[in-house]
Amino acid sequence: MNVNKELSNEELNQSITSLRSLMIEIGLTYGLNHEKTLEISQKLDIYIAETQKRNTLEYSA
């Protein structure tokens with residue numbers, strides 16, 4: 001599962017916000033250990049890592 005490199009930083013942040021809200025909603029509905037919750041959590045981790053990577057690259061440039 002990879003992040004679309006063509007997403008702008010703003011689009012990436014919007015995706016993180018949406019995924020976070022969805023993960024909370026699904027977690028409350030199905031439970032924190034449910035497959036759907038964990039899948040979204042993993043995707044969210046990847047998006048957050050991409051944001052951190054981009055911020056590091058911008059800071060060091």
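The values are calculated or read from the model by the stated rules, or taken from the named source; none is laboratory data. Computed from a predicted structure; not experimentally measured. Neighbour counts run over all protein chains shown; Cβ positions are idealised from the backbone, glycine included.
Here are the numbers:
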quantity: Residue count for region 8-21, restricted to those that are within 20 Å of ASN55 (Cβ to Cβ), out of contact with any Leu (no Cβ under 8 Å at 6 or more places or on another chain) and surrounded by fewer than 16 Cβ atoms within 10 Å (Cβ to Cβ); calculated: 8
quantity: Residue list for region 32-61, filter: hydrophobic (A, V, I, L, M, F, W, C) and touching a residue at least 12 places away in the same chain (Cβ under 8 Å); calculated: ILE40, LEU44, ILE46, ILE48
quantity: Close pairs from region 12-27: first of a type in the set (Lys, Arg), partner assigned to a helix (DSSP H, G or I), Cβ under 9 Å, at least 6 apart; calculated: ARG20/ILE40; ARG20/LEU44
quantity: Number of the condition not met by MET23 [criteria: (1) of a type outside the set (D, E, K, R); (2) at pLDDT below 95; (3) in a helix (DSSP H, G or I)]; calculated: (2)
quantity: All positions within region 22-61 that are surrounded by 14 or more Cβ atoms within 10 Å (Cβ to Cβ), more than 14 Å from LYS5 (Cα to Cα) and out of contact with any Leu (no Cβ under 7 Å at 6 or more places or on another chain); calculated: LEU22, ILE26, GLY27, LYS36, THR37, LEU38, SER41
